[in-house]
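The block underneath contains the structure these notes are about, expressed in structure tokens.
The values are calculated or read from the model by the stated rules, or taken from the named source; none is laboratory data. This structure is a prediction, so every number in the text was calculated from the model and none was measured. Cβ placement follows ideal geometry from the backbone for every residue including glycine, while neighbour counts extend to all protein chains displayed. The accessibility values were calculated without ligands, DNA or RNA, using every heavy atom of the protein model including side chains. Shrake-Rupley method; radii C 1.70, N 1.55, O 1.52, S 1.80 Å.
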Amino acid sequence: MNQHFSATKQPIKLYRNPLSGHCHRVELLLSLLDLPYDLIDLDMANGAHKSPEFLALNPFGQVPVIDDNGFTLADSNAIIYYLAQKYAEPNQWLPQDAGEAAQVVRWLSVAAGEVAAGPAAVRLAKLFKVRLDYNLAKQKTEALFQLLEQLFAEHQYLVAERPTLADIAVYTYIAHVQEGAVSLAPYPAIRAWLTRVEQLPRFVGMLRSQELV
């Protein structure tokens, strides 16, 4: 339990889609920080994320959104930054060193850019039948994986020799990329990194497609 745990008077509400990697990165950090939280699954197929009640929380109509005892915030990367700033031990998930902190921000941008356009996109195409350029998304995935394979051949984690918000932001869609018909077999260093993340105390995974049947 971290030193700021008592600051949460009530469980943090996480509005989510249980199959969203963006939502999972928030749930993962909530669990790793040992914070109390309630999961609120939205019936997005029937437009719950476009209801007036939800749009009052996030006018963009997107998940995830948290409600931390009256403070609401949308955008997964913004949320994990907030949680680390408010509840984590100093230097635990967000480095205090300026160079390392900047590298974390860089990887949050990668999560919103290259990861979203690659590993997340191939999964959208195959698992959710979203119409997009699958071959381009696969090419972007493979280019990203080549870079990460080289990085993890020399480093335990993305920024420091300990996990940071960078690893939380990037983890989920890479861990689930095989749901997008991309194999992780050629990337042993990436697979070793995934295992390191999954061995963290209080790790919680996201539902996999084979669990849907």
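Quick one: what pairs do we get from region 153-164, first residue free of Cβ contacts under 8 Å to residues at least 12 places away in the same chain, second acidic (Asp, Glu) and surrounded by fewer than 16 Cβ atoms within 10 Å (Cβ to Cβ), C-beta under 9 Å, 6+ apart or different chains?
Pairs that qualify, where the first residue is free of Cβ contacts under 8 Å to residues at least 12 places away in the same chain and the partner is acidic (Asp, Glu) and surrounded by fewer than 16 Cβ atoms within 10 Å (Cβ to Cβ), are 155/161.
Can residue 75 be described as in contact with a Pro (Cβ under 9 Å, 6 or more places away or on another chain), free of Cβ contacts under 8 Å to residues at least 24 places away in the same chain and either of a type in the set (S, T, N, Q) or surrounded by 13 or more Cβ atoms within 10 Å (Cβ to Cβ) (or both)? Talk me through it step by step, then tell me what you get.
Working: in contact with a Pro (Cβ under 9 Å, 6 or more places away or on another chain): yes; free of Cβ contacts under 8 Å to residues at least 24 places away in the same chain: yes; either of a type in the set (S, T, N, Q) or surrounded by 13 or more Cβ atoms within 10 Å (Cβ to Cβ) (or both): yes.
In short, yes.
Matching residues to (1) of a type outside the set (Gly, Ala, Ser); (2) free of Cβ contacts under 8 Å to residues at least 12 places away in the same chain; (3) out of contact with any Cys (no Cβ under 9 Å at 6 or more places or on another chain); (4) open to solvent by 60 Å² or more (accessible area, probe 1.4 Å):
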| position | (1), (2), (3), (4) |
| --- | --- |
| 33 | yes, no, yes, no |
| 47 | no, yes, yes, no |
| 51 | no, yes, yes, no |
| 67 | yes, no, yes, no |
| 80 | yes, no, yes, no |
| 96 | yes, yes, yes, yes |
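Can you find a residue that is of a type in the set (Ser, Thr, Tyr) and within 21 Å of residue 79 (Cβ to Cβ) anywhere in region 151-168?
If we filter region 151-168 for residues that are of a type in the set (Ser, Thr, Tyr), which is where we start, we get 157, 164.
Of the ones still in play, those that are also within 21 Å of residue 79 (Cβ to Cβ) are 157, 164.
Looking for residues that are of a type in the set (Ser, Thr, Tyr) and within 21 Å of residue 79 (Cβ to Cβ), one finds at least one in region 151-168, hence yes.
Can you spot a residue in region 140-152 that is more than 18 Å from residue 81 (Cα to Cα), open to solvent by 20 Å² or more (accessible area, probe 1.4 Å), of a type in the set (Gly, Ala, Ser) and out of contact with any strand residue (DSSP E or B) (no Cβ under 6 Å at 6 or more places or on another chain)?
To start, the set of residues in region 140-152 that are more than 18 Å from residue 81 (Cα to Cα) comprises 140-152.
Remaining after also requiring open to solvent by 20 Å² or more (accessible area, probe 1.4 Å): 140, 142-143, 146-147, 149-151.
Narrowing the set further to residues that are of a type in the set (Gly, Ala, Ser) leaves 143.
Filter once more, keeping what is out of contact with any strand residue (DSSP E or B) (no Cβ under 6 Å at 6 or more places or on another chain): 143.
So far as region 140-152 goes, yes, one or more of its residues are more than 18 Å from residue 81 (Cα to Cα), open to solvent by 20 Å² or more (accessible area, probe 1.4 Å), of a type in the set (Gly, Ala, Ser) and out of contact with any strand residue (DSSP E or B) (no Cβ under 6 Å at 6 or more places or on another chain).
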